[in-house]
Amino acid sequence: MKQAVLIWAVIVPFITGQLWGAKVVDRQCYQRDCLTLVIENGKVLGQRSGGFSPGNLELGKYDVRGASLVSAKEAPVLYSKTRRGWVGLVAAYIPEEALLWPQLRLYIFDPQGHRTTTQDLYIRIGSEAQPNFRIGALFNTNSEFLQVSTDGEHSYVVRTLIWLLPDKGAPRLLLDEPSLVNRVQQSSAGRRGGIWTQRETYDGVHAETKGSKSEFWAWDEDQKALQLVP
């Protein structure tokens, strides 16, 4: 009997921490509706059950390199480190105030391992074809950057942010625009490095304003600034 009790004491915590072969990272329920953040087959998923639109949402591939840098209730999906030691990390989590889907959060760590920046994002970074997460010497210059763009069904979640990762001090936000990145242009002889973005022009009211506009943000290495080129 004692042996049976011991076995059950081991099995119960295992069952409660797993969801049919998936590792449960976090779970929140409101009445009959539950939202679970799980790691299954190397992927981070949001699983919604109950009466409110049940289903699954893939948030990215689980990246174990970032596991020690976030809380036990978060699952890292992107991790990258620059030559100088800056770390960019994106993790999925369940917001306390919402049970729709898990969301993403960006962390930036300096070369000494200190967390310097935290930025809440939406549920999707860029698109499947273009993830839109970059870190390092983007423009073939000495400076290092972190760029992340969020995308989704609604225009208000479309956003591009770029930080300068300095030799000393905290990251400096250079760009925060309602746009997506088309491509990064490398600096070369006779050509300025920078980033091309695509921004919607619709004002939300007048149909004739619907469209998109390509913009070029040039990097000035001396001024340490991104400048919109007319």
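The values are calculated or read from the model by the stated rules, or taken from the named source; none is laboratory data. Since the structure is predicted, the reported quantities are computational estimates derived from the model, not experimental observations. Cβ sites come from the backbone with ideal geometry, for glycine too, and all protein chains shown count toward neighbours. We work out accessible area using only protein heavy atoms, side chains counted, and drop any ligands, DNA or RNA first. Shrake-Rupley method; radii C 1.70, N 1.55, O 1.52, S 1.80 Å.
Taking the radius of gyration and the Kirkwood hydrodynamic radius from Cα positions alone, what is the Rg/Rh ratio for the range 40-177, to two decimal places?
On the way: Rg = 15.4 Å, Rh = 15.7 Å.
Result for the range 40-177 is an Rg/Rh of 0.98.
For Glu153 and Lys224, compute 0.36 nm times the residue count separating them, minus their Cα-Cα distance, and round to one decimal in nm. Write down the numbers at each step before the final one.
Numbers: separation 71, 0.36 × 71 = 25.56 nm, distance 3.37 nm.
Going from the current span to full extension adds 22.2 nm.
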**Report entry** Inter-site label distance for Ser49 and Asp33 at 7 Å from Cα along Cβ, in nm
**Finding:** 1.7 nm
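Leaving out ligands, DNA and RNA, and with a 1.4 Å probe, what % of the accessible surface on the chain is carbon or sulfur? Write down the numbers at each step before the final one.
Details: 6980 of 13420 Å².
Summing carbon and sulfur atoms, their accessible area is 52 percent of the total for the chain.
Could you put Val157, Val24 in order of accessible surface area, largest first, with the 1.4 Å probe and the full protein assembly present?
The residues order as Val24, Val157, largest area first.
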Query raised in the report: Can you give the accessible area of His114, probe radius 1.4 Å, in Å² rounded to 10?
Result: 110 Å²
Query raised in the report: Efficiency by 1/(1 + (r/R0)^6): what FRET value for Lys23 and Asp120, r their Cβ-Cβ distance, R0 = 30 Å, to the nearest 0.05?
Result: 0.80
Query raised in the report: Using the alpha-carbon atoms, what tilt in degrees (0 to 90, nearest 10) does helix 2-16 show relative to the longest principal axis of the chain?
Result: 30 degrees
**Report entry** Heavy atoms of Glu177: accessible area, 1.4 Å probe, square angstrom to 10
**Finding:** 50 Å²
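Magnitude of the Cβ-charge dipole of the chain, K/R +1 and D/E -1, about the Cα centre, nearest 20 debye? Don't skip to the end; give the middle numbers.
On the way: 26 positive and 24 negative charges, 150 e Å.
With only Lys, Arg, Asp and Glu charged at Cβ, the dipole is about 720 debye.
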Query raised in the report: Stokes-Einstein D for the chain at 20 °C, 1.002 mPa s, Kirkwood Rh over Cα pairs, in µm²/s?
Result: 108 µm²/s
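Just by accessible area at a 1.4 angstrom probe, what is the order of Arg27, Arg172 from largest to smallest? Walk me through the numbers before you get to the answer.
On the way: Arg27 135, Arg172 110 Å².
In descending accessible area the options line up as Arg27, Arg172.
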Requested in this report: Please give the per residue accessible area of the range 32-189, computed with a probe of 1.4 Å over protein heavy atoms only, in Å².
Outcome: 50 Å²
Query raised in the report: Lys81: accessible area at probe 1.4 Å, nearest 10 Å²?
Result: 130 Å²
Report summary line: Accessible-area order for Cys29, Cys34, largest to smallest, probe 1.4 angstrom, reads Cys29, Cys34
